[in-house]
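Student: Pasting a structure here, questions to come.
What follows draws every value from the coordinates through simple rules; no lab data is involved. Since the structure is predicted, the reported quantities are computational estimates derived from the model, not experimental observations. Ideal geometry is used to build each Cβ from the backbone, glycine not excepted, and the neighbour counts take in all protein chains shown.
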Amino acid sequence: MGVLSIKTSRRVEIIDITGLVERSLEKDSDLAVIYSPHTTTAIVINEAESGLLEDILDFMERLVPYGKGYRHDRIDSNADAHLKASILGNSVVVPVENGKLMLGTWQRILFIEFDGPRSRRVIVKVV
């Protein structure tokens, strides 16, 4: 099992972690589980084209706007981050062959921060 350290620099951002995940793989692995143990982050697979990344963040903000009076905001003003993360999910599973992720041509593993900036961990478990 590998643990990746990620430092986010903004409240909301997307970081391509594909290279970090690949460096933690072993040659004889069949599957990689990439998991975030944080309730205000998400892990998804998609294209990392800059316009699309902005579209994803804009769409999530329209879907779950910041500061709309959610009940959880009474505690720490980050209910939107929890809701966005719960919609997208906190893990992905990717087949591995010869130490390489079997991703499609444009697919990348993306870490999405919704409540930064923070120091975060991503757990990579290979089977």
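Student: Work out from phi, with θ = phi - 60° and the Karplus expression 6.51 cos²θ - 1.76 cosθ + 1.60, the ³J(HN,Hα) of each residue of region 8-19, listed in order in whole Hz, and give x for Gly and Pro.
Tutor: The phi angles translate into 8, 10, 9, 4, 10, 6, 10, 10, 6, 10, 4, x Hz.
Student: What is the sum of charges, Lys and Arg at +1 and Asp and Glu at -1, for the other residues whose Cβ falls under 12 Å from the Cβ of ASN98? Don't jump to the answer; show the numbers that get you there.
Tutor: On the way: positive: LYS27, LYS100; negative: GLU22, GLU26, ASP28, ASP30, GLU97.
It works out to a net charge of -3.
Student: Binning every alpha carbon pair distance of region 1-55 at 5 Å from zero, what are the percents per bin?
Tutor: Each 5 Å bin holds this share of Cα pairs: 4, 13, 26, 25, 17, 10, 4, 1.
Student: (1) 2, 9, 15, 15, 14, 13, 11, 9, 6, 4, 2, 1, 0, 0; (2) 2, 10, 17, 19, 18, 12, 8, 5, 3, 3, 2, 1, 0; (3) 2, 11, 21, 22, 19, 12, 7, 4, 2, 0: which one is P(r) over Cα pairs in 5 Å bins from 0, in percent as calculated from this entry?
Tutor: Checked against the structure: label (3).
Student: To the nearest 10 degrees, how steep is helix 50-63 against the longest Cα principal axis of the chain, on a 0 to 90 scale?
Tutor: 40 degrees
Student: Another question, if that's okay. Loop only by DSSP, 13 or fewer other Cβ within 10 Å of the Cβ. Give me the trypsin sites (Lys or Arg not before Pro) in region 29-112 that pass, ordered by residue number.
Tutor: Values: sites: ARG62, LYS68, ARG71, ARG74, LYS84, LYS100, ARG108; in loops: LYS68, ARG71.
Taking region 29-112 and a limit of 13 other Cβ atoms within 10 Å, the loop trypsin sites (Lys or Arg not before Pro) found are LYS68, ARG71.
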